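Trainee: Quick one: this structure, given as structure tokens, is what I'll be asking you about.
The values are calculated or read from the model by the stated rules, or taken from the named source; none is laboratory data. Keep in mind that this is a model prediction, so the values were computed, not measured. All Cβ positions, even for glycine, are placed from backbone atoms using ideal geometry, and neighbour counts span all protein chains on display. Protein only, heavy atoms only, side chains kept; ligands, DNA and RNA dropped before computing areas. Shrake-Rupley method; radii C 1.70, N 1.55, O 1.52, S 1.80 Å.
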Amino acid sequence: MTAREGGKPRRGLALLPVAVVISLVASACIPASRAALQGAPPHPRDAVDARGSVALSNGMEVLVVEAPTPLVASLILVKTGSRDETVTNWGVSHLLEHVLFDGTARRSKEEIFREVYGMGGYFNGFTGEEYTGYILMAHPDFLAKMLDIQADILFHSLFDAEKLEITKGVVIEEIRQSLTNPSAREADLHKARLYGGTSYAHPVLGSEPVIRRLSRDEILAYQRARYVPNNMLAVLIGPVDKQTALAEFSKAFGEQAAVPLLTRQEPSPAPPPRAEVFVEETPAPRKSLALSLIVPATGRESYPAWEVLAGLLDERLQQAKDRPDAPKILKLEAGFSLARDFAILEVSGTFPRETDETAVRRLVDREMARLAAGPIEKQAVTRVRKSLAGEEARLAERIHYQATAKAARILALGAAGVGTYGDRIAGISPEEVAAAARTLAEPRYVASLFLPAEAEAKSRSVTAIPPPQRTVLPNGLTLIAQQVPGSRVFAAHVLARGRGAFEGEGREGTVEGFLRVLSRGTARRTAEDMLRAVQEMGGRLETAGDPTSPFGDFYTSREYGYIRLEALAGNGREALALLAEILTEPRVAPEDVEKVRGELRAFTDAAEQQPRRVAEAALFRALLPGHPLARPIHGTASSVGTLGREQLLGLKERYLAASNLIVSIVSDLPADRALAMAREVLGRVPPGPPAPAGPLLPLTRGIREVREHLGKPQAQLLFGKVLPQVTGRERLALELAGSILSAKLFGTLREKEGLAYSVDAGVSFPQGGTLLLIGMGTAPQNLERAKAGILRELKAVVETPPTKDEVERRANALAGRLAMRTLASINRAYYLGAAEFRGLPLDYWETYRQSLLSVAPEEVAEALWKHFGQEDYVLAVVD
């Protein structure tokens, strides 16, 4: 997660705030009860201010947003971040975020985890330039316990000296991990240029030498001066009435005394006298551009106009980069983000090394100048406003992101400003946007061009959700629909079966190329027309993921492709009509094929420099030799180089055949109405054969190790084995076994030994088999310790039967992670399609938690003994 405005990255590309996440717990829903929500009225000295937020008697600000969601999210934002640091303690805010989870006077670290797991909670911390956040999400029955845990870690952490050194090791591994990511390095370099002379300029993560040197006393002094109630903002979102919520906040936080706050006279970032352009080296194989224009706080009243202006610039850039005479550009986006004392208009782009970087910058300057010259059309402003409204609606479904966005906006605008910000955007006029746009006639931005080294050398109740419904159309297309009453989003997800089976040797990446072309127009619409149509619906269209995302490309699979289409409620018919057009009349223009080939080549080049990606490729080649699932999603340098239009057109009739598609819809419409509407629109998709069934996955026999060398600051281990196909309760037992192993690895290799920032394990169920995977990044000199640690924990988890309490906690954790992901309608639609693809019951995810809780510890122990032994495995090591 990044601590930014939230929603679609194009609206919050923000370097500010750059946030870092420590993800501790993911989990579940528990049946509702109002009893735990009752409490005394707020403290009589608490004052409700006119802005709708509440100031407790000790100065802590609380904002309660009532929402009919199955979970409640509590975010405590401490108004301190890396901008409050000096050269002697860079990174202390981020380190402190980690340290606070190490245990309190009342709870050890293990007990914190146990309580959060036990209530099916999701606990996260993140650090930015301006604040540090602690978000906890669980069922509303646990509100009192949630706030108690948050208050406990914020005010009563022990700062155990031994654990502190281990946590420093974890943070240092995170810093090293970021050094392997060219995008993170580029962001830090650009920040240093943009914010030069201010405390915003240094990396949020800090530096390894400073982290090593920081003493316990220095960290404590920083915490005691800033972690005080009158320097905190709480945002609570969920099905909890304000009176109940405020009573619980008063109980948990009201006894903490206010403390005089430290003040530092620091200059705020300001625009340069004229546009400045810097050229930097990057280890990435592609070029990139980061351009930022600071809007000072004196222009705060015009922020809504700038928000719309950023949307217009984004639209213009999308159109410009796709013109036939444009330089080859992989991605070019604009966004707008808010900070406390300024805001930023941003442009970011990536392009192949052969593209002239000055041509890209000229293109951006030209589109800015066009906007400055005007006119600003009313229709275009309306379209962007609708697009922003759609993003806001989608954000509202992800309450943990919404809480972060609201808190960040309160810091920038005040609670009163947040309350009216959306209305001001909705009422913005073309004249107001034009006034902001005139600033772009002579833009005072800071731009960084990153060139590869060789190039440089050159109280509401929870609303019940009705069960999903399913039908198969005469053309063979499978339709699933579910109603989420009151949802503001219409979400349609297409799952297209198969990927590697359609490609063959030497044609790897063909399906990915075809999916990416789908978003670039139809026989009736250009890419520009399609973008406008989606914006008119307040929507978003995605046909492929971003493998460069630092948070993972969760919905991309080696087994299938997808189309994700979202729109504002009320635009369902239009959304389905556009979807049918995409499925039946893809354009596949030669110039679009060329652009997609450039994207795929950039991804394959980047993957060759990323330890995790290289390890994944090596592991799957060794685990599944010759199997379709071993084929790289984005292809190889040779296969991408020969990718052509005819090759993609050859996929159209086979891959988009109706019988190969699962379309799932989640909206506020009753399921039968949604099915009827979809049947009418999608019934004309041509029939055809489904994807060819892949062979069974070959069971792993014996022990093999594969190694590759990259010479990066952090190495990668990937452990894998193929298990037999399982169903029913054995599947559930294996999921729990994988989760137990993951927790053991996390608790030992990360928390006790400090060998990694991230270590993960899990069991997945591709068609034809079962996969156990374990991944870990660590310093190259720690590889042998890490390998020995993984094998040691595997042995221990097999030989030590899990307890009933442990199984219950892991069941809640797995179910809670699902609950968090399905907050968004489009993700719920994805899970419905995935269940159909896997052959699972229609209500599988609705009963997931209950099914997990029904598994006995003995069943999990048997799964561990039967499948997690060390006699057979493949280990991929990239150093």
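Trainee: Compute the whole-percent fraction of alpha carbon pairs in the range 216-322 spaced more than 19 Å apart.
Mentor: Everything past 19 Å amounts to 74 percent.
Trainee: Once you charge only the Cβ atoms, +1 for Lys and Arg and -1 for Asp and Glu, what is the size of the charge dipole of the chain about its Cα centre, to the nearest 20 debye?
Mentor: The dipole magnitude comes to about 880 debye.
Trainee: With labels modelled as points extended 7 Å from the Cα through the Cβ direction, what inter-label distance (nm, one decimal) is found for R274 paired with R370?
Mentor: Placing both labels 7 Å beyond Cα along the Cβ direction yields 2.6 nm.
Trainee: Could I ask something else about it? Among all the lysines, which ones have a C-alpha under 28 Å from K744's C-alpha, if same-chain residues fewer than 8 places away are not counted?
Mentor: Answer for K744, where 28 Å is the Cα cut-off: K109, K145, K163, K168, K712, K721, K752, K787, K795, K804, K866, listed by chain and number.
Trainee: Let me ask another. Over the residues of the range 101-227, compute the C-alpha Rg and express it relative to 2.2 N^0.38 Å.
Mentor: 1.21
Trainee: Hey, any idea what % of the chain's accessible area is carbon plus sulfur with a 1.4 Å probe?
Mentor: 52 percent
Trainee: Moving on to the next point. How are the alpha carbon pair distances in the range 484-523 distributed across 10 Å bins from zero to the largest one, expressed in percent?
Mentor: Percent of Cα pairs in each bin: 22, 36, 24, 14, 4.
Trainee: Any idea of the accessible area per residue across the chain, 1.4 Å probe, to the nearest Å²?
Mentor: Ligands and nucleic acids excluded, the result is 36 Å² per residue.
Trainee: Moving on to the next point. Residue by residue through the range 313-327, which ³J(HN,Hα) values in whole Hz follow from phi under the Karplus form 6.51 cos²θ - 1.76 cosθ + 1.60 (θ = phi - 60°), with glycine and proline marked x?
Mentor: 5, 4, 4, 5, 5, 4, 5, 5, 5, 9, 5, x, 8, 7, x
Trainee: Give the peptides 155-162, 486-493 in descending order of average Cβ contacts within 10 Å, highest first.
Mentor: Ranking, from highest mean packing down: 486-493, 155-162.
Trainee: Select from the range 687-793 those GluC sites (Glu not before Pro) which occupy a DSSP coil region and have at most 13 other Cβ atoms within 10 Å, ordered by residue number.
Mentor: none
Trainee: Please list, or write none, the lysines whose alpha carbon is within less than 19 Å of the alpha carbon of K386, excluding same-chain residues fewer than 8 places away.
Mentor: Straight-distance partners of K386: K8, K378.
Trainee: Using a cut-off of 13 Å between beta-carbons, work out the net charge of the residues near A192 (Lys and Arg +1, Asp and Glu -1, A192 not included).
Mentor: Summing Lys/Arg as +1 and Asp/Glu as -1 gives -2.
Trainee: Determine ³J(HN,Hα), in whole Hz, for all residues of the range 606-619 in sequence, where each value follows from phi through the Karplus function 6.51 cos²θ - 1.76 cosθ + 1.60 and θ = phi - 60°; x replaces Gly and Pro.
Mentor: Once θ is set to phi - 60°, the couplings for the range 606-619 become 5, 4, 5, 10, 10, x, 5, 5, 5, 5, 4, 4, 5, 5 Hz.
Trainee: Under a no-solvent Debye model with one identical scatterer per Cα of the range 210-278, what's log10 I(q)/I(0) at q = 0.17, 0.20, 0.23 Å⁻¹?
Mentor: -0.87, -0.95, -1.06
Trainee: Normalized C-alpha radius of gyration of the chain, against 2.2 N^0.38 Å?
Mentor: Against the compact-globule rule of thumb, the ratio is 0.91.
Trainee: Could you list which residues have their amide H under 5 Å from that of V259, counting only those 5 or more apart in sequence or on another chain, with H placed in the peptide plane?
Mentor: N230
Trainee: I would also like to ask the following. Using label points projected 7 Å from each Cα along Cα→Cβ, tell me how many nm separate L853 and K866, to one decimal.
Mentor: Roughly 2.5 nm, to one decimal.
Trainee: Let me ask something else about it. Which far-off residues, 5 or more places away or on another chain, put their amide H under 5 Å from the one on F490, with H placed in the peptide plane?
Mentor: For F490, the qualifying residues are A567, L568, A569.
Trainee: Would you list, by chain and number, the lysines whose Cα falls below 18 Å from the Cα of K321, excluding same-chain residues fewer than 8 positions away?
Mentor: Straight-line reach from K321, under 18 Å: K287, K331, K595.
Trainee: Here's another thing I want to ask about it. With the crude spin-label approximation of a point 7 Å out along Cα→Cβ, what separation in nm comes out for E680 versus E266?
Mentor: 5.8 nm
Trainee: For E280, list long-range residues whose amide hydrogen, built 1.01 Å from N in the peptide plane, is under 5 Å from its own amide hydrogen.
Mentor: Amide H neighbours of E280, under 5 Å, 5+ apart: L449, F450, L451.
Trainee: If you don't mind, there's one more thing I want to ask. Which whole-Hz couplings ³J(HN,Hα) result when phi for each residue of the range 299-306 is put into the Karplus expression 6.51 cos²θ - 1.76 cosθ + 1.60, θ = phi - 60°, listed in order with x for Gly and Pro?
Mentor: Values, residue by residue: x, 4, 5, 9, 3, x, 5, 5 Hz.
Trainee: Using Cα-Cα distances under 8 Å and only pairs 6 or more residues apart, what relative contact order does the range 162-256 have, in percent?
Mentor: 22 percent
Trainee: I'd like the projected area of the range 646-737, averaged over all directions, using the convex hull of its alpha carbons. Report it in nm² with one decimal.
Mentor: It is 12.9 nm².
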